[in-house]
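To keep things clear, I will list the structure first and then write my remarks on it.
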Amino acid sequence: MTRGTYSLLENYMLSCMDDSAHDREHVYRVLYYALEIAGTLEDVDYNVLIAACLLHDIGRKEQFENPALCHAAVGSEKAFTFLTEHGFDQEYAEQVRQCIRTHRYRKNNQPQSPEAKILFDADKLDVTGAMGIARTLIYKGIVSEPLYSLLPDGIVSDGTNDDAPSFFQEYKYKLEHLYDRFYTEKAASLAEERRQAAVTFYHSLYREAASAYRDGRDALAGLLSDS
């Protein structure tokens with residue numbers, strides 16, 4: 001890829017980014033993870049991979065404004081349109097489109113090409129470990145979701161089987177189960193190195209929140225009377 005092409009794609013990406021949890025630094029990390037993963041594989045089309053990494057989250061703004069939309073689907077179409085309008089051939093644009101369309105964890109659109117699998121893995125790596133915890137907390141703050149919800153008896157839920165969105169619910173639904181979802185050995189290895197940091201943080205936060213409610217409620221009950 002020429003520097004001019006890289007700059008064209010990068011500038012378009014920068015014009016689309018408006019989310020502190022999915023900001024340009026996230027995009028750069030995903031790109032750098034992808035290059036590290038690709039270095040362990042053969043027959044990777046770096047022109048497709050770099051473009052897909054740079055443009056993979058350009059549909060985030062539309063999804064934030066309308067949660068019914070899927071940023072992967074929106075972004076893939078935006079990328080295809082941008083590439084074809086700027087003189088890239090349709091086959092290349094289609095390869096990039098498919099990478100972006102299949103990079104989302106919550107969709108059952110499984111990546112098929114080596115480049116799509118690398119992008120999927122690289123994007124998921126940024127939700128593992130301490131980085132994943134930090135980014136999830138930032139995003140939960142942006143959308144005004146709480147750290148945790150309470151069970152009917154008033155104690156803190158650990159997030160298991162919660163319907164209401166919260167950080168703990170996201171951890172149990174997604175973050176805890178990421179580690180067996182990688183397509184490449186390199187990504188799986190990198191994720192495993194980060195895993196304990198996330199586990200330790202979650203359990204520490206849950207323990208602190210749960211004990212505050214348990215002890216505090218008992219103390220309050222001892223101070224209140226019916227008369």
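Every number here is computed from the coordinates shown, using simple stated rules; none is lab data. This is a predicted model, so every value here is computed, not measured. Heads up, the Cβs are rebuilt from the backbone with ideal geometry, glycines too, and the neighbour counts pull from every protein chain shown.
Computed quantities for the displayed model
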| quantity | calculated |
| --- | --- |
| Distance violations [Cα-Cα > 28 Å] among Lys117/Lys174; Lys78/Lys172; Lys78/Lys186 | Lys78/Lys172; Lys78/Lys186 |
| Cα-based radius of gyration of segment 127-227 once divided by 2.2 N^0.38 Å, which approximates compact folds | 1.31 |
| Peptides ranked, highest mean first, by Cβ atoms within 10 Å: ranges 149-158, 43-52 | 43-52, 149-158 |
| Expected 222 nm ellipticity per residue - DSSP helices of 4 or more, -39500 (n - 2.57), all of the chain, to 500 | -20500 deg cm²/dmol |
| Whole-Å semi-axes of the ellipsoid equivalent to the chain (Cα gyration tensor, √5λ, descending) | 40, 19, 13 |
| Euclidean distance between Cα centres, segment 165-227 to segment 68-103, Å | 36 |
| Under-5 Å amide H pairs with Leu150, H placed in peptide plane, nonlocal only | Ser157 |
| Pairs of Cα atoms farther than 20 Å apart, segment 1-126, % | 35 |
| J(HN,Hα) series, segment 112-119, from Karplus relation 6.51 cos²θ - 1.76 cosθ + 1.60, nearest Hz, glycine and proline x | 10, 7, x, 5, 5, 5, 5, 4 |
| Selection of GluC sites (Glu not before Pro), segment 1-95, meeting DSSP coil and at most 14 other Cβ within 10 Å | Glu42 |
